[in-house]
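Structure, as structure tokens:
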Amino acid sequence: MEISGTIIEDTFAEAFRMWACRLIVTAIDEHWISFAAQQVTGYGTSVIGCDAEAGIEAALDTSDTPDGRPGVALMFFAFNAKALSKAMSNRVGQCLMTCPTTAVYDGLPEFGRESDDKNATRIDLGKSLRYFGDGHQKSKLLDQRHWRIPVMDGEFTVVEDIGAAKAIGGGNFLVCGVDQRATLDAATRAVDAIASMPDVITPFPGGVVRSGSKVGSRYKALFASTNDAYCPTLRGRVETALREGVGCVYEVVINGLSESAIERATRAGVEAACGDGVIAISAGNYGGTLGKFKFNLLPILAGSDLTGTSHKTSGGGA
């Protein structure tokens, strides 16, 4: 298959099970929303070294937020609900409670309400952060219970607990171009196209990864190392996966709430990336040793039926 002169390789992206939550954060204006979002999603690229993978899902208009103020929807991913809970308590406490004028709401309020639901749960947030109020904190029951913690500019409002659901991390595709500029421009187009898609984030700087990894290393202390088959400077020294003329590769990683969300984002991103200077689109996989989810590029780009229903599923399988 070719799109705009770019070859789509017959391969698949290999993804793995994660747990995710969504926060709705509001503030007095867009200036402070921007700072809040940057801080709380910072150092949120790969769980190889970070407590969570994090990113901005969407900017929200005042008509779409619980308190009628400017807002943003943020998503966070970790390997399990316990790790996600710890990361959220730390990040919200250190980055949002400290940020002027912010309030925090649950972006998945329907998740984890059924006690027998193995695909979702509730994790504490304001329930633990409230103690910063030193006994002066108060709760208020609206659609959910919220805690009002006194701070020096008024009150920090934070929801008591948030929904967490089984999700998917590691969806990806590789943009293989002639040089750094052309390839980076293509990867940026891809990320821009994905930015408007619901239920997904691209959790790396600008959504683009230069240091794609493979499973394993010659060093015992590392369980991941550089994806040498896609490193142009190693051509001739290792078994390369690069086509003739490829001088640069960038990876776009996609985390999502469901298989269908990642498939839609993959399609939009790949279609946007194709064009002049892009020789091929590939994907990172490890022969099925990393995760159970396989996103085959050709069927996705051919427009085959997509799995699941975005925003109503918690990951498309056990």
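Every read-out reported here was derived from the displayed coordinates using simple, explicitly stated rules and does not represent laboratory data. What you are looking at is a predicted structure, and each value in this text was computed from that prediction instead of being measured. Positions of Cβ are backbone-derived with ideal geometry, glycine not excepted, and every protein chain shown enters the neighbour counts.
The structure shown yields P(r) over Cα pairs in 20 Å bins from 0, in percent, and of the options (1) 33, 53, 14, 0; (2) 34, 58, 8; (3) 36, 54, 10, 0 that calculated value carries the label (1).
Helix 180-194 and the longest principal axis of the Cα set of the chain meet at an angle near 40°.
Quick one: go through segment 49-64 and flag any residue whose amide nitrogen is under 17 Å from the point 7 Å out along the Cα-to-Cβ line of GLN39. Hits in segment 49-64 for GLN39 at 17 Å: 55-56.
Compute, for the chain, the length of the dipole vector about the Cα centre, with Cβ point charges of +1 (Lys, Arg) and -1 (Asp, Glu) only. Units Debye, rounded to 20.
Its charge dipole is roughly 1040 debye.
For segment 19-165, report the % of Cα-Cα distances exceeding 20 Å. Value for segment 19-165: 43 percent of Cα pairs lie more than 20 Å apart. Inter-label distance, ARG113 to GLU155: 2.4 nm, where each label sits 7 Å from its Cα along the C-beta direction. FRET efficiency for the SER217 to LYS292 pair, using the beta carbon distance and R₀ = 25 Å, is estimated at 0.65. By the count of neighbouring beta-carbon atoms within 10 Å, fewest first, ARG22, ARG189, ARG181 end up ordered ARG181, ARG189, ARG22. Multiplying the residue separation of ILE7 and ASP143 by 0.36 nm and removing their Cα-Cα distance gives an extension gain of 44.0 nm.
Between THR240 and ALA83, the simple label model (points 7 Å from Cα in the Cβ direction) yields a spacing of 3.5 nm.
The sum of -39500 (n - 2.57) across all DSSP H runs of n ≥ 4, divided by the residue count of the chain, sets its helix-only mean residue ellipticity at 222 nm to -6000 deg cm²/dmol.
A DSSP coil position with no more than 16 other Cβ atoms inside 10 Å describes the following trypsin sites (Lys or Arg not before Pro) in segment 38-119: ARG113, LYS118.
Straight-line reach from LYS138: taking Cα to Cα under 21 Å and skipping same-chain neighbours fewer than 8 places apart, the lysines in range are LYS127. Selection among ASN255, GLY245, ILE162 by position relative to the dipole of segment 143-259 gives GLY245 as farthest towards the positive end (Cβ unit charges, Cα centre).
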